[in-house]
Structures are given as structure tokens and as C-alpha cells.
Amino acid sequence: MPAEYAPARFDPLSTEQIANTICETFERQPLVSMTHEISRFEGSGLYALYYRGASVGLYVPLASLQVPVYAGQALSSNSATGERVRERYPLHSRLKQHRLSIMEGGLPIAEFRFRALLLPDVHADLGENALRVGYTPVWNSKLKGFGSKEQGPTTRQSKKSKWDTVHDGRRRTHGGVVHDVEKLVGEAEAHIARQVSDYDKLTWPHPGTDNYLDLDTP
């Protein structure tokens, strides 16, 4: 008896397919140096940060892989109110903030790169979620707190984040230290080791290649 046959199903407008398209386009964008101030540009969208160095042992295993240490978004509207943000440069402002955080955390800024893509808010949401699920970046999962903002007395009374515990130095106040730094580093090391061992098993997002854009040279 011949085997039963069923045609493949493909929905080009499914949420999964749109997310795949966004991230495939995103990963074709160049890796950009963070050594110097990032030229200002307008718009919202998706971004990710990558380690490309040799001096921070914790992140060296990721230096040759298309695995971000952090993935995020910068939107043109307030998710709580639905109102447009007055900031004309939300994506640039977010990257500028992160650049400062990396330097204040005692990390060598010359060893970090970013990727960015201007997108409508709904598509930036899809892309960020897909990158987080696909890669589980260590600063999104094990060392949380990197992307947090200090906005007022309530925030300043919050306990010191996991990221700030490991990379101490940001100019902000905290309500106290509750995390053990050695335990956090051990958890991050184990997480990164799993990322490395599972890298060749990734079916999506498809690991791209380094297309490096050096903005440090005049």
C-alpha cells in the first residue's frame, strides 16, 4: 500500500513566519562598534548586543558565535497607555544608555558590538520575543537587570539587580544586595556553556556571519 501523502502547509502571514522574516533580516545587519558615541538616528525598533573580545573570560565562549548577550526593543509608543513617546530617537537613546551601562559596569566597550533594525512597534515586539526565545541571551535570562532604568524613589529602593551585582559600578542607588556574586557567575557560566554546546543544533534563528561595520575610523 503506498504511503499517504499530505502537502506541506505554509502560512506566510503567520506570527511565526513574520517573526522568522524579521529576525533573518535583522541578522543580516552589520555588527557595529560601540567604542565611540553612536551617531544619532530617528526611529524605533529591534536591537541586540554582542561580545567580540578576549579579556572578559565569562563571555569569551560567545565571541565567535552569533549569540547576543542581550536583546531588546525601543518602541515609539508607551505600552501602558498606548500614547506615542515624545522621544524622536528611542532606539538610539536605548543604545546610548546601554553603552554607558557597559562602561560603568567595568566592561571594555571596545569589545562589544550592536545590531539594530528600525521597525514598527508590533514587529519589534515579535522580533525581540523571537531573539529571546531562540538565543536566551545571558543578560536577559541569568543576569537580569541590565536594561532597567532608575526613574524615581521606588526604583532606587529596589534591590541590586543580578547584572549590577556581577558588573558593579553603574551610577545608581540600590536598596541593598541580595544576590551572591559567585553563584551568579557560576550560573551564567553554565548557561553560556549550554549555549555553546547547543549552537550547532539551532534551526532558528539561523546563525549569521559577522558583517562588521567599523565606525571608529574617521
Legend entry - Pair list, Cβ under 8 Å, 6 or more apart: segment 104-124 residue farther than 16 Å from ARG94 by Cβ, other residue in a strand (DSSP E or B) and among the small types (Gly, Ala, Ser): ALA110/SER33
Legend entry - strands (runs of 3 or more DSSP E) enclosed by segment 9-76 - at least 3 residues per element that are in contact with a helix residue (DSSP H, G or I) (Cβ under 9 Å, 6 or more places away or on another chain) and within 20 Å of ALA130 (Cβ to Cβ): 45-51, 70-74
Inset, instruction - Would you mention how many residues in segment 208-217 are at pLDDT below 65 and either loosely packed, with under 14 Cβ neighbours inside 10 Å or not in a loop (DSSP other than H, G, I, E, B) (or both)? - result: 5
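Which residue out of GLN73, GLN97 is closer than 30 Å to GLU16 by Cβ and polar (S, T, N, Q)?
GLN73
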Inset, instruction - May I ask you to say which residue of PRO68, PRO61 is closer than 17 Å to SER141 by Cβ and open to solvent by 40 Å² or more (accessible area, probe 1.4 Å)? - result: PRO61
Inset, instruction - Might you let me know whether segment 143-150 holds any residue that is over 29 Å from ASN20 (Cβ atoms), modelled with pLDDT of 95 or more and surrounded by fewer than 16 Cβ atoms within 10 Å (Cβ to Cβ)? - result: no
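The values are calculated or read from the model by the stated rules, or taken from the named source; none is laboratory data. Every value quoted in this text rests on a predicted model; they were computed, and no experiment measured them. Here the Cβ is made from the backbone with ideal geometry for all residues, glycine too, and neighbour counts use every protein chain on show. Protein only, heavy atoms only, side chains kept; ligands, DNA and RNA dropped before computing areas. Shrake-Rupley method; radii C 1.70, N 1.55, O 1.52, S 1.80 Å.
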